[in-house]
Each structure stands twice: as C-alpha cells, then as structure tokens.
Amino acid sequence: MSATSQSPDLAALLSAMTLEEKLGQLSFYVARFASAGAQGANPLDAMRGEGDRLDAIRAGRVTGLFNLYGVTALRDLQRVAVEESRLKIPLLFAADVIHGFRTIFPIALAEAAAFDPALAEATARMAAEEAAAHGLHWTFAPACDLARDARWGRYEESSGEDVYLLCRLTEARVRGFQGRDLVLAPGHILATAKHFAAYGAAEAGRDYNLAEISRATLHDHYLPSFRAALAAGAATVMSAFQTVDGIPATANPYLLTTVLRGQWGFDGVVVSDFASDHELIDHGFAENRADAARLALNAGLDMNMESGLFMEQGPALLAAGAITMAQIDQAVMRVLRIKERAGLFADPYRHLHESDAIGLAARARSLSAEAARKAPVLIKNRTGLLPLPSVPLRVALTGPFARDTAHLNGPWSWFADESPGISLYDGLKDRLPAGSDLIAPEPGDDPAAQMAAMKRADVIILALGETSHHSGESRSRADITLPAGQLDLARQAHATGKPVVALIRCGRPLDLSALDPLADAILITWFLGPETGPAVADLLTGKAAPSGKLPASFPRAAGQVPLYYNHQMTGRPVPEGGDDQYKSRYIDLPPGPLYPFGFGLSYTEFAYGKPMLDSESLAWDGELRISATVTNDGARAGEEIVQLYIRDRVGSRVRPVRELKGFQRIKLRPRESVTVRFTLTRADLAFYRADDRIEAEPGLFDLWIGPHSAGGLAAHFTLEAPAA
Ligand code: NOJ
C-alpha cells in the first residue's frame, strides 16, 4: 500500500470542503480501547461501535482517533479515510504516550528528580519511536503542569514544584517527541502541551477542582512551561478541565486567545481535554450544548475531544450568527497544518507501513534502566549504611512491594509491554555479594516468621509506599501518609535493632515523618518502570550511586500543603531556629518541609566553594558570569546536581524567598574539583510586576550556588537600571 501523494494546497483544500467536512476536521474521538484503564478514563460517548465509526470516517466527519494502536488496525481506518472519503484527508492517530509507550520509563516526577533534560529528551524520543512504530502520529504529552499540592493525584505526571526545572524538562520532551524539524521526521510524533492552564493548581489538591490563583502567579509559575514547550515547537495544546479565575480553561478567552495566540503567537491546534467542552454545562458556565460549543469556539478552542459539539451545534450556531465561518476556517486550517507537519499529506500511511519496531525494545529497555538508576533520591543515609558492604550479607527484604511486579510502572502505562518488569526481589537476588542470603517473606506470611527473618538479618530492607492506583488522574488523596500496616512493619523492623533501609515507591511527595525516625536510610524510588529491581539493587549495592534530587518538597504533614520552597516572604517570617509567637508558623510543626526541594545525597560528599561573580553588577542588557568550585571530598565517584538560586530583595510584587535559575549535573572522581559556570541575564530575573509587565526590576539580588534549595553559599549582585 503506497498511496504517496503530493502535499496539497491547503487553502484550495479548505475551499473545497463542505461545512460538515470542515466540522469533521474539528472532531476527534476516542477509539477502541487498549485496556480497561484507558476505557475507565475515557468512556465512549459520542460514537459507539465500529460501524458508526467507519461511516463517519467515510463521510469526512472525523479528524482522528486516539488510544488505539497497531499498524494493521490503524491502516484499515486510514484506508477508509484516504480512499473512500470525498476529500481523502488523512486521519490523525493519537495516544496518551506519557512516560513511555510499550517500554515504560520512570514517571515524569521521577525523571524530574534526575534534573537531566538530555535524559528527558531521550526517553521522549524513544517513546515517540515506539509509538510511531505502532502507527501513531500524536501524543498527549508532555504535561506542563506545575504541582504544589501533594494531595493532587497527577503530581506524578508533573515535574514537581519548580518552574525553571519544569521549563527545561518540557522543552526537552517536546524536542524528544517531535525532533527539531518543522515537518516531523519519521519516528517522531506531534506533542501536546497540556493541560492549559493551571490544572495543577486544583484547590485542596482535588482533581478537576478550581484553580484560584492570581494573574501574577499564573504568569510567573504556571504559564512559563507552556511557553517553553511552544518555543520548542509543540504543535498542539490541550485545554484543562478546571476553571481559572472562575472561567473554565476550555472556554477561557484570556488563556486561549489573549495569551496563547496574542501574546505568544501560537498557530497550532488547541484541543479540548476529554469532553471538557461539554463540561462547561456541568460547571454552570454554559446553559446547554449549543452554548458550550459557542463559548468554546469563541474563546479559541479548535478541536473537540469526544464531545462532537462543533459537529452537532456548528450549523445552527452559524446560521444564527453566533459563530462565523471565518472562525471555523481558521480552526480547520490549523488542523490541516498539523496534519501536514505530521507528514500525512505526503504519505497518509506514514507510520503505518510494516512495523519497524524490531530492535527497538532492547534499546528502549536499556534507556529505561539508565533512567531508573538516575531518578531515585537518597534522602537519608545515617552512618553511611548505604551502599551495603561488599561482603556476604543476610538481607531481609519485606513489605508490600518486595516481590511485586504489578506496581512497577505507575499510572499511564496502558500500552505497556505485557512482559512483567523485574521486582526488587529479583533485582537484588542476583546482585548481592556472593554468599549472601536474601530472605523475602511472602505477603501474608506468618508475622512471627517475618519477625524472625528480620531478627536474623544483617540488614532489613522495607519496600513501602503507594500502589499505581494511588496516583494518576482522579487519584487525589487527603491522607498522604504511609498506610498503618506499613508503619507497623517499620516499627517492628526498627525494634530489632538491625539497620533498616526504606525504599519508597510513590507518585507524590509523601508525608514520611512517621517513618523517618524508624529508618536509617531512605531511598525514594518513585515508579521506575520495568527495570526497578536491577536499578534499585545497583544503587543499594553501590554498583551505581544515587544522584537524584527531590523535584518537590517532602512535607511533614498534609496540613502544610501546598508546600513549595519558592514561596513569598511574609511580613512575619520565622527567625532561623526561632520559636517566637506571632510569626508565620504552626504551633504544632515547624513551617518548613521534612526534606527540601533539590535535596538528595550521594555516596560521597561534595564541598562547595563560594560563588565567584565576574562583576558585582549586571548591566540591563548585559550578562553576569558566575562560577563555583565543587569538589568531591570522598573516596567514591559521584554525580552532583549543582543548583543556582537567586532572590530579588525588593520587588513591586513580593518576590519568592528563592528561585532556581540554573542547574548542572556533574560527575566527579574522588578528590576531583570542577568549576561550574552559569550565566544570568535580565530575562532570568523577570517577573509579573505590579504594572502587569513581565520584566525585571533593577536592584539588589542574592545568589546561592549549592546542593539544594535550603543550602549553598551566598553572593550578591545588582541589576543596573537601563541607560536613560
Ligand atoms: C483526560 C486527561 O486529563 C488527559 O490528560 C488525557 O490526555 C485525556 N483524558 C485522554 O486520555
């Protein structure tokens, strides 16, 4: 099948279209399902059954389908579109390729802990290759959502609480999915910057709940990642479910038109989230389906996902003058252009020729293993318990995830390869020093036997945390502690007097305050994917060293959230070590986190020299070069993520106490020193000022280079005013 055609003149194509065909290009539907998980999240609504779908495709009433994959099935559908429909416009095939497709990589939050944009680009690139090999053209990723509330279920899909880190990762992922060419090279897929905007600001951490944030916070923290994704070329944007400032994001003219089109010049496609346009009625924002279609189109939405509202309501709205043909034409043109970008007019069977997935799986799996070694974060290592000594050891591995293979991947793994990943037990069994004994009581074993095994051990490893079902869409939790049974197990382990290592599987920053005193070492392992067992074993045994840093503050209690390091200063800050009354504090807890943003240990120590600045002042249009020497003071090689923070001392809006403005991952041999260099310009200091302009303000700045958001040595500089 080689229906290769020339790129059509899109304007001519548009002018040849009937209204129904135009509205068809704006109508995107969920397809047959890959799994019950996908079905649960995306119930069939507008179109039911195979027959309906084929007829609709033939009639030009469908622009594409999502969450169906496989060359054979998709080629049959494409054939109907390009051989049996009047205008032969190819279909777009999309899916939620979130952290891998057939091969799963660590969840986005885990990948963020690696502070490694090159890694994020590589995993997205590999996911794109796998998805393309199975017939897809478009992914609903990357998530550009900033998260500050650990209760929110989709924290796992975010890249944490920091806007700078999030920007570097989202742009890298867009480049990974799409490549750098305007027309995508084979093996690449279109990316979606989602969920526009402020989806992660859901009040009380409850998914789909309102985002009640100021315009300054919106621009300073929630929007930059979208802009970064678009600057990297993202072809599409998905509107969010919730309201921003009382107006649903899917029908929000400020977001979809003023900012996205007007200020940023975006000319790609805005697709709704799953029936989020129809939900305008449930919000009490639209009276009925016609009203919902009108409000969404007028606000700047181009494409319905599943609701079919434009197709259903468009003709009457047009006849009534509530919408215009020019608006429809503009949206259709945007859709045709992304089909052209996807290479579909040149070859509608692109990605649908015989699968070239051969050999991909092995490459993808080794990348997954690399990512799984880089993402874990060692937050505690009392008396250097880890790495385990290279002598025969008796190890008791216990807890709900010791032998588990069902919860390695985490949420959004609907399309994962069916072969099970490697459990902690299987990973460790082959990697402990020769002569070691690994005892892993089965879940449900007699508690007395479990206790006996722990007592006999040289070291106890507890595999604790959350299941895949505890995070993800609509998986918000009010309680973010470990379950009582897990804490009981930790207490028993602690009571043996043996050293205790806790491995924490999670999709959010958990409240670990009850566990903390019971464990000598804590390794946050997130959801790492199929290579969990070997990766964690390599880290525990010292074959690899932990190098991740927390992309999110770990709270002392859910009562502290939203909790993030880059908060504004209050008029009543708590003095260092102080306990004064009438300060911004709790009477029952310190105000700060249990473990701060950016924190993570290695198996060696890094010493930081004082930041050196090439000047004490930064000219308005100039550059400031900053460097610091970092030395590996220990006897083992290690990787460190060196972080640059600033604070704008005085602003027309109160500035955060610290803001990350740079990071570098460096690798140091024992005793090696490296000079790490950063450059700052005025653009790095800009914020949404009191005059509603995004611009820096002259004045004094603090600066730190250090190992995390609560450390580092300080320096200062002044941003000079522009020359008059
Ligand atoms: C709803 C989710 O919010 C979105 O992220 C996803 O892409 C769609 N469902 C389609 O599965």
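Which ³J(HN,Hα) values in Hz, rounded to whole numbers, follow from the phi angles of the stretch 90-96 under the Karplus curve 6.51 cos²θ - 1.76 cosθ + 1.60, where θ = phi - 60° and Gly and Pro get x?
Once θ is set to phi - 60°, the couplings for the stretch 90-96 become x, 7, 9, 10, 10, 6, 7 Hz.
May I ask you to derive the FRET efficiency for GLN330 and MET612 from their Cβ-Cβ distance with R0 = 35 Å, giving the value to the nearest 0.05?
That pair, GLN330 with MET612, gives E of 0.10.
Within a Cβ distance under 13 Å of LEU518, other residues only, what is the Lys/Arg minus Asp/Glu net charge?
Neighbour charge sum, excluding LEU518 itself: +1.
On the first, second and third principal axes, largest extent first, how far apart are the outermost C-alpha atoms of the stretch 304-348 in Å?
Projected onto its principal axes, the Cα set of the stretch 304-348 covers 39, 23, 11 Å.
In whole Å, what are the extents of the stretch 428-571 along the principal axes defined by its C-alpha atoms, from largest to smallest?
Answer, in whole Å and largest first: 58, 32, 32 Å.
Once amide H atoms are built 1.01 Å from N in the peptide plane, which residues 5 or more positions from GLY472, or in another chain, come under 5 Å H to H?
ARG154, TYR155, GLU156
Which of the residue pairs LYS374/LYS543; LYS583/LYS661; LYS380/LYS455 have a Cα-Cα distance greater than 19 Å in the structure shown?
LYS583/LYS661; LYS380/LYS455
Using only the C-alpha atoms of the stretch 651-718, find the volume of their convex hull and express it per residue in Å³.
Convex hull volume per residue, Cα atoms: 100 Å³.
All other residues with a Cβ under 14 Å from the Cβ of ILE107 taken together, and with Lys, Arg as +1 and Asp, Glu as -1, what is their net charge?
-2
Determine the dipole magnitude for the stretch 484-641: charges of +1 sit on the beta-carbon of Lys and Arg, -1 on that of Asp and Glu, nothing else is charged, the reference point is the Cα centre, and the result goes in debye to the nearest 20.
Using Cβ point charges on Lys, Arg, Asp and Glu, the stretch 484-641 gives about 460 debye.
Please express the shape of the stretch 429-470 as an equivalent ellipsoid: the semi-axes are the square roots of 5 times the eigenvalues of the C-alpha gyration tensor, given largest first in whole angstrom.
So the equivalent ellipsoid measures 21, 16, 9 Å along its semi-axes.
Out of the GluC sites (Glu not before Pro) in the stretch 275-366, which ones are loop residues according to DSSP with at most 14 other C-beta atoms within 10 Å?
Those satisfying the criteria are GLU287, GLU354.
Using only the Cα atoms, what convex hull volume per residue in Å³ does the stretch 97-171 have?
78 Å³
What number comes out for the charge environment of HIS470, summing +1 per Lys or Arg and -1 per Asp or Glu over other residues with Cβ under 10 Å away?
With Lys, Arg at +1 and Asp, Glu at -1, the neighbours total +2.
Looking at the square roots a ≥ b ≥ c of the eigenvalues of the Cα gyration tensor of the stretch 201-290, which shape do they give, rounded for a/c under 1.5, prolate if a/b is larger than b/c, or oblate?
Because a/c hits 1.5 or more and a/b fails to exceed b/c, the stretch 201-290 counts as oblate.
Under the Kirkwood approximation for Rh and a Cα-based Rg, what ratio Rg/Rh is obtained for the stretch 403-513?
0.98
I'd like the Karplus ³J(HN,Hα) series for the stretch 463-470: coefficients 6.51, -1.76, 1.60, θ = phi - 60°, whole numbers in Hz, and an x wherever there's a Gly or Pro.
Working through the residues one at a time gives 9, 10, x, 10, 7, 4, 7, 8 Hz.
Give me a comma-separated list of calculated 3J(HN,Hα) values for the stretch 246-251, in order, Karplus coefficients 6.51, -1.76, 1.60 applied at θ = phi - 60°, integers in Hz, x for any Gly or Pro.
Values, residue by residue: x, 10, x, 4, 6, 10 Hz.
Output the peptides 402-411, 207-216, 174-183, 108-117 sorted from most to least packed, where packing is the average of other Cβ atoms within 10 Å over each peptide's residues.
Put in order of decreasing packing, that is 108-117, 402-411, 174-183, 207-216.
Report, in cubic angstrom per residue, the convex hull volume of the C-alpha atoms of the stretch 617-661.
In the stretch 617-661, the Cα convex hull volume per residue is 121 Å³.
Suppose R0 equals 51 Å. What FRET efficiency, 1/(1 + (r/R0)^6) with r the Cβ-Cβ distance, do LYS583 and ASP76 give to the nearest 0.05?
The formula returns an efficiency of 0.15 here.
Which values of log₁₀ I(q)/I(0), to two decimal places, follow from the Debye formula for the chain at q = 0.09, 0.10 Å⁻¹ with a uniform point scatterer at every Cα?
-0.82, -1.00
Each value in this text was obtained by applying a stated rule to the coordinates, not by laboratory testing. Keep in mind it's a predicted model, so treat the numbers as computed, not measured. Neighbour counts are summed over all protein chains in view; Cβ atoms, including those assigned to glycine, are modelled from backbone coordinates with ideal geometry.
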